[in-house]
Amino acid sequence: MANEGMQQLIHMMNKLQDAVSQAGSKIFNVDLPQIVVVGGQSAGKSSVLENFVGKEFLPRGSGIVTRRPLIVQLFHHPSMEYAEFLHQPNKIYKDFEKVREEIEAETDRETGTNKNVSSKPINLRIYSPHGTHFFLHTS
């Protein structure tokens, strides 16, 4: 079992990330611990994120596929793996192919289908029995 203090810290950091995300980064200038994946087109950024999570859930294709920032928060759940989006509270996704479809649909709702981009993030929470293993802790 993971350290209870670490679990509480992770929970608090996720709540803070939600508040900052909903209020907008222009209101709060807070540096939160995070992993950021950057790189050129088709450089493997999605594969890196999926390896952290242990599930394939990101859109794939040619050209510009990821047209909005994606904030992924990982939570520990003792017995289930599922996902939920901040823009769809209380809707649970157990099928990670449906997560991919919702990322694509939410991107299209914000940007249209003609490959426009937006800086407005999509917030995704993934719950897993292995969730605490995905957080980096330094002392």
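The values are calculated or read from the model by the stated rules, or taken from the named source; none is laboratory data. Fair warning: this is a prediction, and the values are worked out from it, not measured in the lab. Please note: Cβ atoms are built from the backbone with ideal geometry, for glycine as well, and neighbour counts cover all protein chains shown.
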In the range 111-139, residue modelled with the lowest pLDDT [restricted to those that are within 17 Å of the chain's Cα centre (by Cα) and part of a helix (DSSP H, G or I)]: H133
When residues of the range 24-59 are limited to those that are acidic (D, E) and at pLDDT 75 or above, the one farthest from K98 (Cα to Cα): E50
Residue in the range 3-15 that is part of a loop (DSSP other than H, G, I, E, B), modelled with pLDDT under 85, among the small types (G, A, S) and surrounded by fewer than 11 Cβ atoms within 10 Å (Cβ to Cβ) present: no
Answer residue from the range 45-102, given it is more than 12 Å from the chain's Cα centre (by Cα) and of a type in the set (S, T, N, Q) and is nearest to A19 (Cα to Cα) among those: Q88
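Residues to consider are V99, V38, V72; find the one that is β-branched (V, I, T), in a loop (DSSP other than H, G, I, E, B) and either loosely packed, with under 12 Cβ neighbours inside 10 Å or in contact (Cβ under 8 Å) with a residue 12 or more places away in the chain (or both).
Working: V99 fails: in a loop (DSSP other than H, G, I, E, B); V72 fails: in a loop (DSSP other than H, G, I, E, B).
Going through V99, V38, V72 in turn, the sole match is V38.
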